[in-house]
């Protein structure tokens, strides 16, 4: 897929695993030598705290560049336009503030975890983690195939799957075997030479058989190791997913005069969402937000005067701004469950700036 073809632009905290053909262990990006044979190849990862960014933000970002990174889960957030955790392919990934952890050496390759702040283009095509038995990217898979005897070219040249093919000369296939060359000067040596060729063929088949078994054992061991890493990564993904509480109570007795936002899971039942609140003496504003839209807001029409430290305050100027004082209820939001829409609801409390502290209590009832 072309690097220019993308659906989203994203910024977020990245963590993934990579390999490089560098033999010496590394602890920082500066220790990776230049050259394609040593470049970092990332083959899976996670982006958390995802945020949609603009073309300008992406183009101005600086960092270590990667053309394409498959099998990356981007986790949902209030600032990311996709509502669920999903697997994507990243194009033109830029990493800054890089850390390298858990460095090891496997089969002559350095493998490690890489973390950093990611700026990337996200292609619309998803990449599913379990479409292949192993998790190499296509380039690594191509390099590996050059060192294995049981690949397509070996099958076509008399390899492990063709050990007993017949020919018209001696009854066994000796294709690929080393055969003696020379001229026959006496007819009597012909039978001896044929016997020698037959023995060489048998020995060569046995050698190829042993090599095949050895390579298959190495493949199984590597697949087992990768499956173990996959299971650990999957478990980590599950443990790092954000847990959103169901509807319930909000009690903030010592709230500062700065806005606060709470997130709740409405579930799968449709119906009215009811908020019973008590803003006490100092008026505060409650906003109910669903799917990026304001669906309900407080709107008292009168306030009682407030006496603080024997001083009387009149806060009627807050009435046109949708503030509320004392007890009340909101019930104008009719939630309709749709599997293609989010189930999260945001409740935002905006305190008045008249006093340094305030307090509120909200009970939320889901359908």
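Here are the numbers:
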| quantity | calculated |
| --- | --- |
| Count of residues meeting criterion [touching a residue at least 12 places away in the same chain (Cβ under 8 Å) and farther than 15 Å from residue 16 by Cβ] in segment 75-90 | 10 |
| Cβ pairs under 7 Å, 6+ apart, first in segment 93-105 and more than 12 Å from residue 118 (Cα to Cα), second at pLDDT 90 or above and surrounded by fewer than 13 Cβ atoms within 10 Å (Cβ to Cβ) | none |
| Strands (runs of 3 or more DSSP E) fully within segment 279-342 counting 1 or more residues that are at pLDDT 85 or above and within 35 Å of the chain's Cα centre (by Cα) | 284-290, 293-297, 327-335 |
| Test: residue in segment 331-343 that is free of Cβ contacts under 8 Å to residues at least 60 places away in the same chain, in the same structural domain as residue 278 (by TED's automatic domain parsing), in contact with a strand residue (DSSP E or B) (Cβ under 9 Å, 6 or more places away or on another chain) and within 10 Å of residue 284 (Cα to Cα) | no |
| Hits in segment 273-295 - residues which are crowded, with 18+ Cβ neighbours inside 10 Å and over 16 Å from residue 360 (Cα atoms) | 273, 289, 290 |
| Number of the exception - residue 320 against (1) surrounded by fewer than 12 Cβ atoms within 10 Å (Cβ to Cβ); (2) under 25 Å from residue 249 (Cβ atoms) | (2) |
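The values are calculated or read from the model by the stated rules, or taken from the named source; none is laboratory data. The shown structure was predicted, so the numbers you read here are calculated from the model rather than taken from an experiment. Because the Cβ atoms are built from the backbone with ideal geometry, glycine has one as well, and the counts that use them run over all protein chains shown.
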